């Protein structure tokens, strides 16, 4: 049930205003998140045989920090880490992430069939021979892109649009899980009905430039630290610059992207969901 039909400019303005009002708490929370994420990555480096555990720990820490941003956006005041809220946000994101993984898996199979049967039919034998060999698959993918990049680009853009639409429909899950005191994911799907394009516009208006800014700063910092950002074989950087790069880039990610996204989703939650919105029957 849509309670208010907001203009995307109003939601973006509300998100920026909330960040400005709570800027000290936002900076402090982003700093704590950066240190925690870097520590998890360093500990994960000591156990390279358990990469999924490291990823799960990093995602859990990210959800905790995100819940703090949402708490400040919804309630104001000083940042407060409430583990129960962070756990609900993590659980809601896990549900959404699992759903997106299923959609991505299905789309990847369909796309592979279309590509092999269509524009890359002449390479069907090479594709079959490369099955199970990661290096061969990577080389073949590079060859396919070099010969005819258009189909891969179209598929990539389609994936991006599907991801953007689905995450927009579920964009209120995190603030709703914090505010309602229980895990909510697909229950919020109906709240965005009729306002999907406006939410997508608000996200593109605010988060898009924030992502570009974060990426640009990350690239400049990598150059300063002597890190080959796009070349895995570019050598090992010095430990000091590498540690500083990890902390600063994590801080920028939390500060520029996560804080703005949390405040935007909270502003939209007030307008499209909030305490007056109906939940689907359980």
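Odds and ends about this structure:
- Note on log10 I(q)/I(0) by the Debye sum over Cα atoms at q = 0.16 Å⁻¹: of the candidates [x] -1.61; [y] -1.33; [z] -1.16, the value calculated from this structure sits at [y].
- Taking 110, 26 and counting other C-beta atoms within 10 Å, the order from fewest to most: 110, 26
- Förster radius 25 Å - calculated FRET efficiency between residue 41 and residue 87, Cβ distance, rounded to 0.05: 0.70
- Ranking of 20, 80, 180 by neighbouring Cβ atoms within 10 Å, starting from the fewest: 20, 80, 180.
- Relative exposure of 10, 271, 135, judged by other C-beta atoms within 10 Å (fewest first): 135, 10, 271
None of the figures in this text is laboratory data; all of them are computed from the coordinates on show. All figures in this text were calculated on a predicted structure; none of them were measured in a lab. In this analysis, Cβ positions are derived from the backbone assuming ideal geometry, glycine residues included, and neighbour counts consider all displayed protein chains.
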